[in-house]
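See below for the structure under consideration.
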Amino acid sequence: MSQDAGVARLPTLSVLQASAMLVGMVIGVFIFKAPSLVAWNTTGALEFLALWAAGGLITLIGALCYAELATSYPHSGGEYHYLTRAYGRPLGFLFAWGRMTVIQTGAIAAVAFAYGDYASVILPLGAQGPAIHAAVAVAVLTAVHLLGTRQSANTQTLLTALEVLALLAVSVIGFIIARGLPSGALTAATGSEQAGLAMVFILLAYGGWNELSYISGEMRDVKRTIARVLILGTLAITLLYLLVNWALLSVFGLEGLRKTGVPVSDLVGQAFGQAGAVVTALMVCAMALSTMNASIFTGARTNMALGQEFSTFSGLGPRNQRTGTPTNAVLAQSAIVLALIAFGAITRNGFQNMVEYTAPVFWGFMLLVGVALFIFRVREPAREMAFRVPLYPLTPALWCAAALYMLYSSVAYTGWGALIGMAVLGLGVPVYLAGRSATARMARAEGPS
C-alpha cells in the first residue's frame, strides 16, 4: 500500500489466459456453501435462479468500472490507492484498518468455517466440529507461513481447470440422478423481503473479480482485450454457477436445499454413497485450504504495508530476516481470525455470521470506489485512459446503486454480526486520530531540523 509506482511487468497474458485467471480468482469454496443459504432467503426456484443470474450481471458491471480504474491508475495498492487518491489519507487508513480487522480477516474466517463444515463430513467432532476444524486449519497454515514456505507461482491455471471440471462434474451427476424439478418449482416467486440477503451470499460467491486490478498490467494490448476478458470470464462464471445451482435444485428442490449445509457433498453422496460424499468433501476442503493459504499470505502483506506507512502499527512492518515472512503481521492477522472463529462458534452459524460481519464494511468501500470513478473523471477530464467504462455515466451509476443496495441489505437483513463489523470499523477513527496526535507531538518535541 505504499505509494510506490509499482514494478513494471512485461504484458504476456492472452485473452484466454487472463480469462482463466479471472475465473480462477472468482470460483472458490463459497459456491459449495452459498446455495443453501440463498435457498433460505428466496421463496421460489425461479427467484433463486434469477438472483444468481443477477449476481453475474452485477459482477460484470463492477468489473468494468474496476477495469477503468486499474488501467488508469495502475498500482499495487488496489482499492487502497484509489480511495487515498480520491478522498485523502484518513479514508485510506480507514480502509486499511477495515481490511485488517474486518474484510480480509472476516473472509478468512468465513472460508475456514466452510472448510470446517466439509471437514466434519470426513471427521465429525460434534456440534462445535466446524469451528474446531476451522481453528486448527488457521493455526496450521499460520505455522506454515511462519516457516517461510512459499506457494508455487505456476499453479493457478491448473487449479482453475480443476475447479471448473469439478463443478461441471457435480452438475452432470446432479442431472443424471435428478428426477426433474419438483412440481411448480419454476413458478414465479411471490416476492421475498430477504432477497437482498440472498444477494449478499450470491455476490460473496462471485467475489474476487476486484483482483483484476492486479493483473491488468500483465495483459497484452490491455485497451483492446480487457473488455473481452471481463465479458468472457464473467459469462463463463455465471453460466457455470447457473448450471450448478440448477442441478442442486433438480436434486433437492428448494426446500431440500435449505436443509443441507453441504449440498455438493450430499448430492454426490446420493449418487455414490458415503464414499462419494467423503471424496467430494476432501475436494472442497482442498479448495478451501488453498483459498485460506492465499488469503493469509496477501492479508499479512497488506498489514505489513500498513505498519510501514502508519507509525501506530509499526510493529507489523518488519520482515523476518531469515524467512522473509512478516512474522508480526501474520501473527496479528491470525489472532484476529481465531477470535472471529470463536465468536462464530458461540453464535447460531459461524459461516453466516462471518458473512454478516464483513458484508457492510466491504460494500461500503465498494460504493466509495464506484464514486471515486466519477471523482477522477471530473478532476482529470483530459487524462489519457487505456480503457473507458462503456456507457458512462450509466454503468458506474448502476454499480454505485447496486453497492448501495447491497450495503442496505447487509445491514437491514442481517444480525448482530453486521453491527459488530461496523463498530470495529468505527474504532479505526479514534485509532487514526490518536496516531496522528502522537506523530504531531513527536514532531514538536524534535523541533526544526
In region 37-62, anything buried (at least 24 other Cβ atoms within 10 Å of the Cβ), more than 15 Å from residue 406 (Cβ to Cβ) and of a type in the set (Gly, Ala, Ser) is listed as 39, 45
Would you mention how many residues in region 367-387 are in contact (Cβ under 8 Å) with a residue 24 or more places away in the chain, over 25 Å from the mean Cα position of the chain (by Cα) and either over 21 Å from residue 88 (Cβ atoms) or assigned to a helix (DSSP H, G or I) (or both)? 4
Matching residues, region 219-266, being touching a residue at least 40 places away in the same chain (Cβ under 8 Å), more than 16 Å from residue 166 (Cα to Cα) and aromatic (Phe, Trp, Tyr): none
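Quick grid of which residues meet (1) closer than 30 Å to residue 384 by Cβ; (2) part of a helix (DSSP H, G or I); (3) among the polar types (S, T, N, Q); (4) modelled with pLDDT under 90:
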residue: 63; (1), (2), (3), (4): yes, yes, no, yes
residue: 95; (1), (2), (3), (4): yes, yes, no, no
residue: 101; (1), (2), (3), (4): no, yes, yes, no
residue: 119; (1), (2), (3), (4): no, yes, no, no
residue: 139; (1), (2), (3), (4): no, yes, no, no
residue: 149; (1), (2), (3), (4): no, no, yes, yes
residue: 158; (1), (2), (3), (4): no, yes, no, yes
residue: 165; (1), (2), (3), (4): no, yes, no, yes
For residue 283: the one exception among (1) touching a helix residue (DSSP H, G or I) at 6+ places or on another chain (Cβ under 7 Å); (2) not in a helix (DSSP H, G or I): (2)
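Here are 235, 243, 248: which of them is of a type outside the set (Ser, Thr, Tyr), surrounded by 20 or more Cβ atoms within 10 Å (Cβ to Cβ) and part of a helix (DSSP H, G or I)?
Residue meeting the stated conditions: 248.
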Test residue 431 against the criterion of being modelled with pLDDT of 90 or more, of a type in the set (Val, Ile, Thr), part of a loop (DSSP other than H, G, I, E, B) and surrounded by 15 or more Cβ atoms within 10 Å (Cβ to Cβ), and give yes or no. no
Among the residues of region 286-327, which ones are at pLDDT below 80, at negative phi and part of a loop (DSSP other than H, G, I, E, B)? 319, 320, 321, 322, 323, 325
List the pairs whose first member sits in region 65-88 and is under 20 Å from residue 298 (Cα atoms) and free of Cβ contacts under 8 Å to residues at least 60 places away in the same chain, whose second member is among the acidic types (Asp, Glu) and crowded, with 22+ Cβ neighbours inside 10 Å, and whose Cβ atoms are under 7 Å apart, counting only residues at least 6 apart or on separate chains? none
On the basis of being surrounded by fewer than 24 Cβ atoms within 10 Å (Cβ to Cβ), assigned to a helix (DSSP H, G or I) and not charged (D, E, K, R), does residue 90 make the cut? yes
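Do we have any residue at all in region 282-303 that's among the hydroxyl-bearing types (Ser, Thr, Tyr), closer than 30 Å to residue 47 by Cα and in contact (Cβ under 8 Å) with a residue 12 or more places away in the chain?
Within region 282-303, one or more residues are among the hydroxyl-bearing types (Ser, Thr, Tyr), closer than 30 Å to residue 47 by Cα and in contact (Cβ under 8 Å) with a residue 12 or more places away in the chain.
The values are calculated or read from the model by the stated rules, or taken from the named source; none is laboratory data. Given the structure is predicted, the values throughout are model-derived calculations rather than measurements. Don't worry about glycine lacking a Cβ; one is built from the backbone with ideal geometry, like all the others, and counts go over all protein chains shown.
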